[in-house]
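The values are calculated or read from the model by the stated rules, or taken from the named source; none is laboratory data. Keep in mind that this is a model prediction, so the values were computed, not measured. Quick reminder, even Gly has a Cβ in these numbers, built from the backbone with ideal geometry, and neighbours come from all protein chains shown.
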Amino acid sequence: MRLVFIGPPGIGKGTYAKAISQKFGIPHISTGDIFREEIAKGTELGRKVREYVEKGLLVPDEIVIEVVRQRLSQPDCAKGFILDGFPRTLRQAEVLDSELGGIDLAILFYAPLEVIIERVSGRRICPKCGAIYHIKFMPPKNDEICDRCGTKLIQREDDKPEVVRRRYEVYLQTFEPVIRYYREKGKLVEIFAGRRAEEVIADVERVLREKGLVKE
């Protein structure tokens, strides 16, 4: 079961991927997570990636493809995988098909922009212990104060509405060719993600059964 998850920042891809990964025993591979880990470790790859990230540039296809190639060669990918953040260009999608074995299905998660903004901009994080809250869906007991350690919660810059809007526009421009590519190949399924995570995950499982990728 070789899957690609596509969707804008804040749509919940990580949550859905984690649930499907655990249920079916296939790894969730996030290129963003791999890059952040390499940067934190100070590896040669991390130093290369940092140069592009600090300039606000996309990491070149050649680097991204090589990272994914190495990751997909690991034993835990033998039964399949969920790719999150790759492919993000048409060339990456073509190489995934021609050189890396291709995929069974690309799942596009979508929701109105205002729903995404509400989800993301309502998020609050404890700068001390890392606990995550949401002012509407999972608020702390005391306003803006962490339940665990009593530290004042913060809103990340990336979670502010104007930043979310900008990231959404970049997502549309970046992924439109990839979405069109998989749609033309008949491998794209669209799932409405403006609902509770449990409902979206159940829909993903239903699609996987209907496509014959998992047994009843």
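Is it fair to say Lys160 is of a type in the set (Lys, Arg), more than 30 Å from Glu62 (Cβ to Cβ) and without any contact (Cβ under 8 Å) to a residue 60 or more places away in the chain?
Taking the combined requirement at face value, the residue satisfies it.
If we keep just the residues of the range 98-117 that are among the β-branched types (Val, Ile, Thr) and modelled with pLDDT under 95, which is farthest from Asp33 (Cα to Cα)?
Ranking the candidates gives Val115 first.
Quick one: in the range 186-214, which of the residues that are in contact (Cβ under 8 Å) with a residue 24 or more places away in the chain and of a type outside the set (A, V, I, L, M, F, W, C) is nearest to Gly10 (Cα to Cα)?
Taking the range 186-214 and keeping what is in contact (Cβ under 8 Å) with a residue 24 or more places away in the chain, we get 187-194, 197, 200-201, 204-205, 207-208, 211, 213-214.
When the remaining residues are screened for being of a type outside the set (A, V, I, L, M, F, W, C), the result is 187, 190, 194, 205, 211.
Details: Lys187: 23, Glu190: 16, Gly194: 11, Glu205: 21, Lys211: 27 Å.
The selected residue is Gly194.
Could you check Leu57 against (1) in contact (Cβ under 8 Å) with a residue 24 or more places away in the chain; (2) within 22 Å of Glu176 (Cβ to Cβ); (3) not hydroxyl-bearing (Ser, Thr, Tyr) and say which number it fails?
(1)
Out of the residues in the range 92-136 that are outside any strand (DSSP E or B) and of a type in the set (Ser, Thr, Tyr), which is farthest from Ala197 (Cα to Cα)?
Among residues in the range 92-136 that are outside any strand (DSSP E or B) and of a type in the set (Ser, Thr, Tyr), the one farthest from Ala197 (Cα to Cα) is Ser98.
In the list Leu100, Leu108, Leu113, which residue meets the criterion of being in contact with a Leu (Cβ under 7 Å, 6 or more places away or on another chain) and closer than 15 Å to Pro9 by Cβ?
On the way: Leu100 fails: closer than 15 Å to Pro9 by Cβ; Leu113 fails: in contact with a Leu (Cβ under 7 Å, 6 or more places away or on another chain).
Residue meeting the stated conditions: Leu108.
Working carefully through the options Val120, Val95, find the one that is at pLDDT below 95, closer than 26 Å to Val59 by Cβ and surrounded by 15 or more Cβ atoms within 10 Å (Cβ to Cβ). I'd like the intermediate steps shown before the answer.
Numbers: Val95 fails: at pLDDT below 95.
One residue alone meets the criteria, Val120.
Return the total of residues in the range 143-159 being under 12 Å from Arg124 (Cβ atoms) and outside any helix (DSSP H, G or I).
11
I need the full set of residues from the range 177-200 which are out of contact with any Leu (no Cβ under 7 Å at 6 or more places or on another chain), part of a helix (DSSP H, G or I) and either under 29 Å from Arg91 (Cα atoms) or not β-branched (Val, Ile, Thr) (or both), in order please.
Listed by number, the residues that qualify are Arg180, Arg183, Glu184, Ala197, Glu198, Glu199.
Which fully enclosed strands (runs of 3 or more DSSP E) of the range 1-91 have 2 or more residues being surrounded by fewer than 14 Cβ atoms within 10 Å (Cβ to Cβ), among the aromatic types (Phe, Trp, Tyr) and modelled with pLDDT of 95 or more?
In the range 1-91, there are no strands (runs of 3 or more DSSP E) which contain 2 or more residues that are surrounded by fewer than 14 Cβ atoms within 10 Å (Cβ to Cβ), among the aromatic types (Phe, Trp, Tyr) and modelled with pLDDT of 95 or more.
For the range 196-212, enumerate the residues that are among the hydrophobic types (A, V, I, L, M, F, W, C) and modelled with pLDDT of 95 or more.
Answer for the range 196-212, where residues must be among the hydrophobic types (A, V, I, L, M, F, W, C) and modelled with pLDDT of 95 or more: Val200, Ile201, Ala202, Val204, Val207, Leu208.
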